[in-house]
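Taken together, the values in this text are just the output of simple stated rules run on the coordinates, not laboratory data. Just so we're clear, the structure is a prediction, and the values are computed from it rather than from any experiment. Ideal geometry is used to build each Cβ from the backbone, glycine not excepted, and the neighbour counts take in all protein chains shown.
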Amino acid sequence: MPELPEIETVRRGLAPVMEGVRIVQADVNRPDLRWPFPENMSNRLTGAKIERLRRRSKYILADLDTGESLMIHLGMSGRMLISGAKLGTFTHDHPPAEKHDHVVFHLENGARVTFNDPRRFGAMDLLDTKTADSHKLLATIGPEPLGNSFDEAYLADALQNKGSPVKSALLDQRIVAGLGNIYVCETLYRARISPLRKAGQLSKLRVKSLVPIIRQVLTEAIEAGGSSLKDFRQADGDLGYFQHSFDVYGREGEPCRTDDCANTIMRAVQSGRSSFYCPTCQR
DNA sequence: ATGGGGGCCTGCCGGC
DNA sequence: TGCCGGCAGGCCCCCA
């Protein structure tokens, strides 16, 4: 489900409730998600103060005052929902427990944060804060697309000589962090590049044009609170609304939004995933 | 060495 | 109404 804008939206929603706050109890309702939870996870979280919530790619990292960081991945269907906290002028009451509430954090400020994940593609792990970046799941991830080290020279170099379609290259987390199927489709439409085009065949100029477009799409999506299709909710339960701004994703057979283009949006399957694009505008 | 496909899970939707 | 196939925003791992 969630790509970088959705994870950033969740992080921003959780931060005011969790940062500087102690966990008084952690309910761990099953032994695993995608992988087994770390040893004694509940005990290692209980009593820990969350000093900072940060994001790396699609992972949320909660730095604790114990020297450990809790790493959270939402997989395809994961949610982190706040209850019992005053959010603005509104207090969310604690809802009854739901199916797939796998981990519940009880905070000293009376708030509760519930991790719910029907498909269980999510993950949690505890890692040494000092060496968190070298965790197996984080070590090979490429630069943050909204950070300084992601620039035109970097991307041109990374895509040079790539024989795979540009769609696959942009989905490859080693090249750039945090993009998923939706935002790659939207980026390629705005860049007027066909998802089927081999990455290494693109002119330097066209590759470079991708950098500001990627930044723009992600920034707009974050400002919109992410995209809500089936599963995604912000941490306060609200929907994101960037899905209303999709030009191509999920619009197979609908008219292309480019002025004077008479074509309709097509769907192609690339390495098992749907690519949506306009065959006229995207070359 | 890289690229593609399978698999992990559950839920939902459309068609028969 | 019910069953079945197909599909879903991610990503590791295996194989060629």
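Taking Cα atoms only, the orientation of helix A:204-223 departs from the longest principal axis of chain A by about 40 degrees.
In this structure the amide hydrogen of residue A:100, modeled in the peptide plane, comes within under 5 Å of no amide hydrogen from residues 5 or more places off or on another chain.
Amide H contacts of residue A:25 (H built 1.01 Å from N, in plane; Pro and chain starts excluded): A:47, A:106 sit under 5 Å, all sequence-distant by 5 or more or on other chains. Return the unpartnered cysteines for chain A, using a Cβ-Cβ cut-off of under 4.7 Å. Lacking a cysteine Cβ partner under 4.7 Å: A:185. For the residue pairs A:58/A:130; A:49/A:99; A:49/A:86; A:136/A:167; A:58/A:136, alpha carbon separations beyond 22 Å are given by A:49/A:99; A:136/A:167.
In this simple spin-label approximation, residue A:120 and residue A:35 carry label points 7 Å from Cα along the Cα→Cβ vector, and these lie 1.7 nm apart. For the stretch A:50-59, 3J(HN,Hα) computed residue by residue from phi via the Karplus equation (6.51, -1.76, 1.60; θ = phi - 60°) reads 7, 7, 7, 10, 10, 10, 10, 6, 9, 9 Hz, glycine and proline entered as x. In chain A, helices alone account for a calculated mean residue ellipticity at 222 nm of -7000 deg cm²/dmol, with every DSSP H run of four or more residues adding -39,500 (n - 2.57). Here the extension length gained between residue A:196 and residue A:153 equals 13.2 nm, from 0.36 nm per residue of separation less the Cα-Cα distance.
Ranking A:18, A:266 by Cβ neighbours within 10 Å, fewest first, what do you get?
Listed from fewest to most nearby Cβ atoms, that is A:266, A:18.
Each residue in A:227, A:77 was given a count of other beta-carbon atoms within 10 angstrom of its own, and listing them fewest first yields A:77, A:227. Rounded to the nearest 0.05, the FRET efficiency derived from the C-beta distance between residue A:134 and residue A:108 at R0 = 41 Å is 0.85. About the centre of its Cα atoms, chain A shows a dipole size close to 900 debye [charges on the beta carbon of Lys, Arg (+1) and Asp, Glu (-1) only; nearest 20 debye].
Per-residue Cβ neighbour counts within 10 Å put A:229, A:171, A:155 in the sequence A:229, A:171, A:155, beginning with the fewest. Between residue A:280 and residue A:46, the modelled label-to-label distance comes to 6.4 nm, taking each label 7 Å out from Cα in the direction of the beta carbon. Can you list the aspartates and glutamates whose alpha carbon sits under 15 Å from that of residue A:198, skipping same-chain ones fewer than 8 residues off? Straight-distance partners of residue A:198: A:157, A:172. Based on Cα contacts under 8 Å between residues 6+ apart, the stretch A:4-134 shows a relative contact order of 30 percent. Spin-label model, residue A:252/residue A:99: points 7 Å from Cα along the beta carbon direction are separated by 2.7 nm. The 3J(HN,Hα) values that the Karplus relation (6.51, -1.76, 1.60; θ = phi - 60°) gives for the stretch A:244-253 are, in residue order, 6, 9, 4, 8, 10, 4, x, 10, 3, x Hz. Gly and Pro appear as x. Other residues lying with their Cβ under 13 Å from the Cβ of residue A:234 contribute a combined charge of -2, Lys and Arg counting +1, Asp and Glu -1.
Dipole size of the stretch A:148-216 about its Cα centre, with +1 on Lys/Arg Cβ and -1 on Asp/Glu Cβ: approximately 260 debye, rounded to the nearest 20.
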